[in-house]
Amino acid sequence: MLLLHCPLLLLLLPLGSRPQKLPTRDEELFQMQIRDKAFFHDSSVIPDGAEISSYLFRDTPKRYFFVVEEDNTPLAVTVTPCDAPLEWKLSVQELPEETSGEGSGEPEPLEQQKQQITNEEGTELFSYKGNDVEYFVSSSSPSGLYQLDLLSTEKDTHFKVYATTTPESDQPYPELPYDPRIDVTSLGRTTVTLAWKPSPTASLLKQPIQYCIVINKEHNFKSLCAVEAKLSSDDAFMMAPKPGLDFSPFDFAHFGFPSDNNSGKERGFLKPSSKFGRQTSSKPRVDLHKVCVGNKNIFTVSDLKPDTQYYFDMFAVNTNTNMSTAYVGTFARTKEEAKQKTVELKDGKVTDVFIKRKGAKFLRFAPVSSHQKVTFSVHSCLDAVQIQVRRDGKLLLSQNVEGVRQFQLRGKAKAKYLIRLKGSKKGASVLKVLATTRLNKQSFPSLPEDTRIKAFDKLRTCSSVTVAWLGTQERNKFCIYKREVDDNYNEEQKRREQNQCLGPDTRKKSEKVLCKYFHSQNIQKAVTTETIRGLQPGKSYLLDVYMIGHGGHSVKYQSKLVKTRKFC
């Protein structure tokens, strides 16, 4: 026979000689007791119609009592394990004859009743072993002293107990719908959409119910207190998202929440006395997140990792009583990341690459012969892009590229190179890429640092404009083209036409002004000027200069908008 957990506290003495009984609940006293949570804290008496939370040390049994004085009394007892399986048993013993030493006929206090009969074996009504939320329900229970014995053989743990003699009217736990399953209605690489049927407590009884979703990568949970046992005490419920906006609860660059090693700490009044001499060991908690979404019945979890299995649990929470009921949990694996088609680069051949906005492309270069060095030339035709180069899995290069850039890396026998190009956030990206192991192979022409075209305002006439641009130390061919545009042609239209990879072959022959070769060994003097004649008075023209390398690849300077004088 298990020993009593503790004697009744002195706070029960003001009750006088009245026994603690469930069927004749003093509602005014009950409400006072429930408001004063300390009344039942660490007491071995279970109150009628209130959920208590307590703590079990491993292999240390705990016993609770309550009295039912009248036969044929409805009775419901609910035990909720939190973070470990429990063994619990409900039994009843007959109440002793109502006698008194003075013959007063008044019933004896509950403490004296317990002392008289706790050494006797009671009649077992129900027993359970496991970590499910389990119930004992009877529409007609006998009078007697009821004992609830609990034991945890696995570890120190929290638990909750609820008992009532008015189960039909109380209904503190939200009722589950006829189909309590969570449905996965949509599955993507980074998103999962969940749907569930509403609790009748909300739809029929109109009680305030909110739904809380729990997401983790380990297992399903059977109760909300099991979830809370895994979360640190300062992890409060999150507010419901704004209407029409689903919550993205994770920054999945770090979905695995950092362990704060606090999961083993006792909470508040549940701290054990030092006389027990036990230390609760801390351990990393599972990757877990909880979010309450109000009264919604469909919700999309986003920012998940591709090809990863997640477990989803749903709890209906009565916001009046803060008591919850678990739906049947589910799990789902997100879809795999779309496999990128890898483009093979050929030694010395220019490859055109198109990348969607915020997209990425993978290129592979596998030289057929041994090499001392490998050169990668990248021409970003529009906005800047990011390039990463790996050799046999090792990252060698990671940079942003705008315009023309050339990278020379040390070679390695039988090496394979993987190039990842990440597009711009502004829009689609167009590139030209060349990889070669031949040191004398002509790559893209090298542009000067400043690719603007300068127009001389004082040299403008009604039929001509004079412009200048920078060259390089290498001898290259320069071609200049002109195109008449409307007066309302603006910088935005010009920006859309700044594809540097479009060469002279895309222009009309009538737009060609001239081509010439130019270079200077002195980079400070590598400047050339040109006067463009035969223009119309008061008209706007768009000028383009193309540099054409020895390999025939061309690079366009920044376009220049000019206007001739209207009167001369």
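The values are calculated or read from the model by the stated rules, or taken from the named source; none is laboratory data. Source: prediction; values computed, not measured. Note that we place each Cβ from the backbone using ideal geometry, even for glycine, and neighbour counts take in every protein chain shown. Heads up: the accessible areas ignore ligands, DNA and RNA and are worked out on the full protein's heavy atoms, side chains in. Shrake-Rupley method; radii C 1.70, N 1.55, O 1.52, S 1.80 Å.
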message: In Å², and per residue, what accessible area does the stretch 343-436 have when probed at 1.4 Å with the other protein chains present?
response: 54 Å²
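Kindly rank 321-327, 389-395, 167-173 from highest to lowest mean number of other beta carbons found within 10 Å of each residue.
321-327, 167-173, 389-395
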message: Can you tell me the convex hull volume per residue for the stretch 400-448, based on C-alpha atoms, in Å³ to the nearest whole number?
response: 111 Å³
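What does the convex hull of the Cα atoms come to per residue for the stretch 322-383, in Å³? Could you put the intermediate results ahead of the total?
On the way: hull volume 14.5 nm³, N = 62.
Output value, Cα hull per residue: 234 Å³.
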- prompt: Debye sum, Cα scatterers, the stretch 453-563, no solvent: what log₁₀ I/I(0) at q = 0.10, 0.13, 0.17, 0.22 1/Å?
  reply: -0.29, -0.49, -0.84, -1.33
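What does DSSP give for the stretch 343-436 in terms of the percent of beta bridges that are antiparallel, rounded to the nearest 5?
Working: 39 of 41 bridges.
If I count the DSSP bridges inside the stretch 343-436, around 95 percent turn out antiparallel.
Could you grab the relative contact order for the stretch 453-563? Cα pairs under 8 Å, six or more apart, rounded to a whole percent.
Details: 212 pairs, mean separation 46.0, N = 111.
Computed over the stretch 453-563, the figure is 41 percent.
So what's the net charge close to K222: Lys and Arg +1, Asp and Glu -1, counting the other residues with Cβ under 13 Å from its Cβ?
-3
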field: Whole-angstrom gap from the stretch 459-484 to the stretch 541-568, using each part's C-alpha centre
entry: 6 Å
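Can you give the local net charge around M323? Use residues other than it whose beta-carbon is closer than 11 angstrom to its beta-carbon, Lys and Arg +1, Asp and Glu -1. Don't skip to the answer; put the middle values down first.
On the way: positive: K160; negative: E51, D170.
Net charge in that neighbourhood comes out at -1.
Can you tell me the order of 557-565, 184-192 when each peptide is scored by its average per-residue count of other Cβ atoms within 10 angstrom, highest first? Working shown, then result.
On the way: 557-565: 17.8, 184-192: 14.8.
The peptides rank, most packed first, as 557-565, 184-192.
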query: Per residue, what accessible area does the stretch 453-563 have, given a 1.4 Å probe and all protein chains present, in Å²?
result: 55 Å²
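Rounded to the nearest angstrom and ordered from largest down, what semi-axes does the equivalent ellipsoid of the stretch 343-436 get from its C-alpha gyration tensor (root of 5λ)?
Details: eigenvalues 103, 30, 25 Å².
The three semi-axes for the stretch 343-436 are 23, 12, 11 Å.
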task: Mind scanning K341/K426; K508/K563; K62/K290; K349/K373; K512/K556 and naming the pairs with a C-alpha gap bigger than 19 Å?
output: K341/K426; K508/K563; K62/K290
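Expressed as a whole percentage, what fraction of the accessible surface of the stretch 453-563 belongs to carbon and sulfur atoms when a 1.4 Å probe is rolled over the protein heavy atoms?
Details: 2800 of 6140 Å².
So the carbon and sulfur contribution to the accessible surface is 46 percent.
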